[in-house]
Amino acid sequence: MNKYIEILQRHMVENPPNYGSDAHSILEMLFSYYHECNNNDTDAVKAAFENLYQRMHGMPLWEMDRIVDAVCTLCREHEKAGFVKGVKVGIQLEQEII
C-alpha cells in the first residue's frame, strides 16, 4: 500500500491538478462550485450591501465599482475560508467519532 501511495504522490507532483482559476485545492474548488450553485444572500447581507450603497451615494460609478469589487472579493474570500475550515473541522470530528 505504501508503494501505491508513493506512486500517487509522485504522479501528483509531476502532474499538478488544475482546480480552476479560483481554487488552489480540492476544498476551494468544492467551495467555488457550491457558491456558484447556492449563492443565496441572507437578509442581513442584503441590508449590509444596501447600507454600503447608501454610503456611496453621489460617488462616481467607477469609484463605486472599485469599492464594491473589493468588498465582494473580501466577502468571498472570508466565506471560502470559513467553508474550507468547516469541512476540515467536520472531517476531524468524523475521525474522532470513529
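Nothing in this text is a laboratory measurement; each read-out follows from the coordinates by a stated rule. Everything numeric in this text was worked out from a predicted model, so none of it was measured. Cβ sites come from the backbone with ideal geometry, for glycine too, and all protein chains shown count toward neighbours.
Note that segment 19-97 shows a convex hull volume over its alpha carbon atoms of 111 Å³ per residue. Membrane-span-like helices of the chain, defined as complete DSSP H segments with a Cα extent of 24 Å or more along the helix axis and a mean Kyte hydropathy of at least 1.6, are absent. Counting only DSSP H runs of at least 4 residues, each contributing -39500 (n - 2.57), and dividing by the residue count of the chain, the helix-based mean residue ellipticity at 222 nm comes to -26000 deg cm²/dmol. In this structure, S25 and M64 have a Cβ-Cβ separation that, at R0 = 25 Å, corresponds to a calculated FRET efficiency of about 0.15.
Only Lys, Arg, Asp and Glu carry charge here, each on its Cβ (+1 for the first two, -1 for the last two); on that basis the chain has a dipole of about 220 debye about its Cα centre.
Compute the distance in nm between two label points, each set 7 Å from the Cα along the Cα-to-Cβ direction, one at N39 and one at R76. In this crude spin-label approximation the distance works out to 0.7 nm.
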